[in-house]
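**Student:** First, the structure itself, so that you have it in front of you.
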Amino acid sequence: MEATVSVIMPNYNCGKNLRETIASVIGQSYKNWELLIVDDCSTDDSVEIIKSFCEKDNRIKLFTNKKNSGAAASRNLAMQEAKGKWIAFLDSDDLWYPEKLEAQIAFMEQNGYCFSYTAYEHIDENNDKMHIVVTGPKKLTKRKMFNYCYPGCLTVMYDAEKVGLIQIPDAIANGENDYAIWLKAIKHCNCYFFPKILAQYRVRSNSLSHKSSKLKLAKNHYKLFKLSEDKSSVSAFFHMLRNLFYGFWKKAIYVKKLK
């Protein structure tokens, strides 16, 4: 029997794209999954949309935060509730190709890997491809993962039986909490790159990452290492600087504009 995949999905006011994102999970060729959606007090029609899917498919489960708490708290709750051997991540406006889970699990099982990520491409708010593909190093050790957050959140999967339950500080900024999870997972096993485009990352003009200044991003990196990894001020500052350097490296080497 296929092992269960627990799909972790935080949501806040993504009603515009939510139906399509959920449909991309339902459309997976790999059928043994549960989708754990944590709504963070959305003010749009997100909850109604999620409930309509829950009524039709008992693999989809809705949880709601009592107050707006951020993506870190939402992911923590979903990971606490997860029952699957495999943990996968998908934000509520991104998309998976139908073979995503099946192909990635086969890649991991055939090679004995417990932590992996894949290539992905950018799409705009109208679902048009932006002809940008993001890849990464073939093997991420602990050192390389601390250098920079190479894996795209929508592509990551790990074996919960090997990695265990991960929880991160709720105060970690929304743009950093996926990285906080990878930094904890990498302490249990290396992360391997599957060189196939299996997901689509939606670039939104009003997204947090799009609007954040370089200074704010640097501060968030510092806070990540200080709070989540319990680093000293000096060490956190060093890791922040290292992240900034390798961020330029990633864009130069692993972000490709297709002709």
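The values are calculated or read from the model by the stated rules, or taken from the named source; none is laboratory data. A quick note: this is a predicted structure, and the numbers were derived from the prediction, not measured. Heads up, the Cβs are rebuilt from the backbone with ideal geometry, glycines too, and the neighbour counts pull from every protein chain shown. The area values use the complete protein model at the heavy-atom level, side chains included, leaving out ligands, DNA and RNA. Shrake-Rupley method; radii C 1.70, N 1.55, O 1.52, S 1.80 Å.
**Student:** Being of a type in the set (A, V, I, L, M, F, W, C), within 30 Å of D128 (Cα to Cα) and touching a Leu at 6+ places or on another chain (Cβ under 6 Å) is true for just one of A252, A199. Which residue is that? Show your work before the answer.
**Tutor:** Values: A252 fails: touching a Leu at 6+ places or on another chain (Cβ under 6 Å).
Just one listed residue meets the conditions, A199.
**Student:** Continuing with this model, one more query. Identify, please: which residue in segment 245-259 is modelled with pLDDT of 90 or more, of a type in the set (A, V, I, L, M, F, W, C) and more than 20 Å from the chain's Cα centre (by Cα) and is, among those, surrounded by the fewest Cβ atoms within 10 Å (Cβ to Cβ)?
**Tutor:** Among them, the one singled out is A252.
**Student:** When you look at T21, is it open to solvent by 10 Å² or more (accessible area, probe 1.4 Å), touching a residue at least 24 places away in the same chain (Cβ under 8 Å), out of contact with any helix residue (DSSP H, G or I) (no Cβ under 8 Å at 6 or more places or on another chain) and under 26 Å from N126 (Cβ atoms), yes or no? So that I can check it myself, show each step before the final result.
**Tutor:** Numbers: open to solvent by 10 Å² or more (accessible area, probe 1.4 Å): no; touching a residue at least 24 places away in the same chain (Cβ under 8 Å): yes; out of contact with any helix residue (DSSP H, G or I) (no Cβ under 8 Å at 6 or more places or on another chain): yes; under 26 Å from N126 (Cβ atoms): yes.
Here the answer is no, as T21 does not meet what is asked.
**Student:** Take F237 and tell me if it is open to solvent by 20 Å² or more (accessible area, probe 1.4 Å) and in a helix (DSSP H, G or I). Walk me through it before giving the result.
**Tutor:** Details: open to solvent by 20 Å² or more (accessible area, probe 1.4 Å): yes; in a helix (DSSP H, G or I): yes.
Yes.
**Student:** Looking at segment 196-216, which of the residues that are polar (S, T, N, Q) and either at pLDDT 55 or above or over 17 Å from the mean Cα position of the chain (by Cα) (or both) is farthest from N11 (Cα to Cα)?
**Tutor:** The first filter runs over segment 196-216 and keeps only residues polar (S, T, N, Q), leaving 200, 205-207, 209, 212-213.
Retained after the next criterion (residues that are either at pLDDT 55 or above or over 17 Å from the mean Cα position of the chain (by Cα) (or both)): 200, 205-206, 212-213.
Values: Q200: 17, S205: 18, N206: 15, S212: 20, S213: 23 Å.
Among residues in segment 196-216 that are polar (S, T, N, Q) and either at pLDDT 55 or above or over 17 Å from the mean Cα position of the chain (by Cα) (or both), the one farthest from N11 (Cα to Cα) is S213.
**Student:** Against the condition among the polar types (S, T, N, Q), closer than 18 Å to A23 by Cα and more than 18 Å from the chain's Cα centre (by Cα), how does N68 come out, does it pass?
**Tutor:** Details: among the polar types (S, T, N, Q): yes; closer than 18 Å to A23 by Cα: no; more than 18 Å from the chain's Cα centre (by Cα): yes.
In short, no.
**Student:** I need the strands (runs of 3 or more DSSP E) fully contained in segment 82-199, keeping only those with at least 1 residues that are open to solvent by 40 Å² or more (accessible area, probe 1.4 Å). Give the derivation first.
**Tutor:** On the way: elements: 86-89, 115-123, 129-134, 157-159.
The strands (runs of 3 or more DSSP E) meeting that bar are 129-134.
**Student:** Hey, could you check segment 24-59 for residues that are open to solvent by less than 30 Å² (accessible area, probe 1.4 Å) and assigned to a loop (DSSP other than H, G, I, E, B) and say which is farthest from L101 (Cα to Cα)?
**Tutor:** The residue in question is S42.
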